[in-house]
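Report on the structure given below.
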Amino acid sequence: MKKNRPFYYLFPSFFVILGVIFIPLLYALFISFIDLTKNVRKLDNPDLWNFVGFENYKNVLTSSEFFPSLWKTFYFTITSVGFEFVIGLAIALILNEQFKGRGIVRGLMLIPWAFPTIVNAVLWKWLYDADHGTITGLFAKLGLTEGYANVFASSFSAMNAIIVADVWKNTAFISLILLAALQSLPKSVYEAANVDGANVFRRFFKITLPLLSPAIMVALVMRTMEAFKVFDIIYIMTGGGPAGGTRTLSFLTYESSMMFSKFSYGSSIALMMSVFIMIFALIYIKILYRNVE
Amino acid sequence: MKKILGLSLSAMLAVSALAGCSSDKNESSDSRKQTIRVLSSDDFAGFREDAIKEFNKKYPDIKVELEHVAYDQLHDKELASFNAGGSAAYDVVDVDEIWTSEYAEAGFISPVTERYTEDMKQGIVPASMNIVSYNKEYYGVPMFNDVLFFYYNEDLLKQAGFTNPPQTWDEFTQMSKVLQDKKLVPGNASSWGWSSNEGLVCYFAQFLGSFGGSFFDDKGKPVFNSEAGVKALQYMTDSMNKEKIVDPASINANDRQILDAFKNGKTAFVSGWSFYWGEINADDSKVKGKVKVGLIPAVNGAPHATATGSMYLAITPQSDHEEAAWKFINFLGSKEIQKEQSLAAGSLPIWTDLYSDEELNQNHGALSEMGKQLESTISRPSIEAYNEFSKELQVKLQEALLGKKDAKTALDEAAKTAKELTSSK
């Protein structure tokens, strides 16, 4: 009897998760197999459900937008998480050292992360403004661009501009996790390595990195899944433009479901996105557990 | 026993937490006082707030709650509200002419044909009646008669040595160049709202019409990729990338943002809606009193056609107070309020009589010029999948404007999608 007790305590949260995750998920799965466009009142009458099987999925995969969107999403995810990891690790290593004013620097580092994404997006949009943006102005003054550059005029520069804004905000998250892990590393190992005469690089690659890998994995899992779902920053900064150049999968889902009211079609895209995210999660979990053992 | 108690308590807690969100229904404590909720676009919200005060003097038992959002968010917000219920629903919504077939087909707005009086049917401008009509029903009351007008800064043009606004697009190019060469404008002579938004389709419609083209032929086949359409898009692209008379930032601007540059005297021409007139002649405008309205330039032989963009207020079937909602939209559409709206916000009234109204003509400096522009217009196509068509067209137009595709290819691709969208139904 006593053994079951923890499960009873989990009941309330189970209900909440059921309500906000499982039921909506099943609902999305359901509407991805029927033909639901424009009017959701159709759902009240089972005669109108009109099951279409995998038709919606087929339409998504044969549409001209899906694969370009998928590549854009991958590009965004890999580039932004990559930069965030490298910079985040560097910051964590620096902040792990003893120096004057470390507390203040640690606090300041968190400010970008504390910003709501919407604020961050609007802020960067202004910095990039083609008439009076600070960054575009700086580049013009330095002679890097001829006059104020129009960052959002090409898909490539628009996408990278968004990535810079995303990296600026989310690097702090990775360094926070890595810093916490660094602080808990056993001092004795380093002392032993010092005695053995291992230099700073050797200590980093042979001790720090392996011991840090569970934390690295956690940070990467979370950031990759987040980045793959990127929406708000794109919605504010480019609205998917120019010429659809920053239309990631989430944006495509929003466009289909919210703008064109193609709910079934939109759900199919969303569910295919979830499959990708699940694959990421599985890969990471596999690596994570191997390291723990 | 204790265990079961704890268990049921926690379950109850969870259930009540979930149920908390759906308890507040329409509060109808006072049966006499009715509340109608109105969703409006930002553009006329200021005037509508004032009009509500007047409305309340006449109908003290109807309370009007006005919510407004930017035009670009309006459609999404409306769709969400149509499919929601309870307190998220609106009684009255602001509808753009291009959404009529979508909303009417889906049953999101209710016909009000029977409420129309003979006086309204006779007195309202036919073009305005057109935008609320679908399948022989009227779906609301038009709020203004709007097209993209051609505003020019007469002061700057005079300094450049011109006495007339440009008549043709070639003249437009030449005059822009002179203005730029003489440094009368700090940058380019004009800015346009060519970012990926509905305004881009309106501007394209304007160029398409003034180059002699049209969107669909009589049989419903897309023809905007014909010679006229290609030339129109080519002109748009060249004016920005080759002739450099159009601000390159136009690619990120919408049809609201470009007004600022014009108001500050930084550009000499702007093509925009009627509410621009009110803004241009507001006290914070640097070009107050210096601006005139001319006809949209056109190529030789083509009409000086411009894009229509009128909106109207419609009642949703979700409303429990249809009578009150009708009173409200009928009030806003009435002659006296229409006249006030023209005087306050510069918009063009829906009543034929008002165009010859003396007081209005005296106080609205551009009424007669604007009236002339109303005679040649081109409407965006009214198809059920309009938003999808529009988004695709926006993407293709931008690809051409960015030089990724040539005008012909871009329009051919958009026409192909248009064909698919119209034939699937």
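The values are calculated or read from the model by the stated rules, or taken from the named source; none is laboratory data. Not measured: the values here are computed from a predicted model. Please note: Cβ atoms are built from the backbone with ideal geometry, for glycine as well, and neighbour counts cover all protein chains shown. Note: areas computed on protein heavy atoms with side chains; ligands, DNA, RNA excluded. Shrake-Rupley method; radii C 1.70, N 1.55, O 1.52, S 1.80 Å.
Descriptive notes on the structure:
- Straight-line cross-link reach from B:Lys183 at under 30 Å between alpha-carbon atoms covers these lysines, not counting any fewer than eight positions away in the same chain: A:Lys125, A:Lys141, B:Lys158, B:Lys231, B:Lys242, B:Lys244, B:Lys263, B:Lys266, B:Lys286, B:Lys288, B:Lys290, B:Lys292.
- Leaving ligands and nucleic acids aside, the B/A contact buries around 2500 square angstrom of accessible area in total at a 1.4 Å probe radius.
- Per residue Cα convex hull volume in Å³ - calculated over chain B: 194 Å³
- DSSP bridge pairs, the protein assembly as shown: antiparallel proportion in percent, nearest 5: 60 percent
- Burial here means at least 50 square angstrom less accessible surface with every protein chain in place than with the chain by itself, probed at 1.4 Å; in the stretch A:230-245 the buried residues are A:Ala243.
- These residues, A:Tyr284, B:Tyr103, go from largest to smallest accessible area, 1.4 Å probe, as A:Tyr284, B:Tyr103.
- Under-20-angstrom lysine pairs by C-alpha in the stretch B:364-425, whenever the two are 8 or more apart or on separate chains: 16
- Percent RCO, i.e. relative contact order, over chain B, from Cα pairs under 8 Å lying at least 6 residues apart: 23 percent
- Less than 5 angstrom separates the built amide H of B:Thr377 from those of B:Thr306, all sequence-distant by 5 or more or on a different chain.
- A 1.4 Å probe run over the protein assembly as shown, with the rest of the protein chains in place, finds 48 Å² accessible per residue.
- Distant-in-sequence amide contacts of A:Ile34, defined by a placed amide H-H separation under 5 Å and a gap of 5 or more residues or a different chain, comprise A:Val52.
- Peptides A:130-137, B:177-184, ordered by how many other C-beta atoms sit within 10 Å of their residues on average, highest first, read A:130-137, B:177-184.
- Interface residues of the stretch B:221-250, defined as those losing at least 20 Å² of solvent-accessible heavy-atom surface relative to the isolated chain (probe radius 1.4 Å), are listed as B:Ala249.
- Ordering of A:167-174, A:210-217, B:157-164 by packing [mean C-beta count within 10 Å, highest first]: A:167-174, A:210-217, B:157-164
- Once all protein chains are placed together, B:Tyr116 keeps about 10 Å² accessible to a 1.4 angstrom probe.
- Backbone HN-Hα couplings from phi across the stretch A:162-174 [Karplus 6.51/-1.76/1.60, Hz, Gly and Pro as x]: 5, 4, 4, 4, 5, 4, 4, 6, 8, 4, 4, 5, 5
- Using a probe radius of 1.4 angstrom, the carbon and sulfur fraction of the accessible surface of the stretch B:78-206 is 46%.
- Accessible area (Å², 1.4 Å probe, nearest 10) - B:Met311: 10 Å²
- Accessible-area rank, largest first, for B:Lys405, A:Lys262, B:Lys263: B:Lys405, A:Lys262, B:Lys263, with all protein chains present and a 1.4 angstrom probe.
- Placing pseudo-labels 7 Å out from each Cα toward the beta carbon at A:Val195 and A:Phe11 gives an inter-label distance of 5.6 nm.
- Packing-based order for B:143-151, B:362-370, A:248-256, using average beta carbon neighbours within 10 Å, highest first: B:143-151, A:248-256, B:362-370
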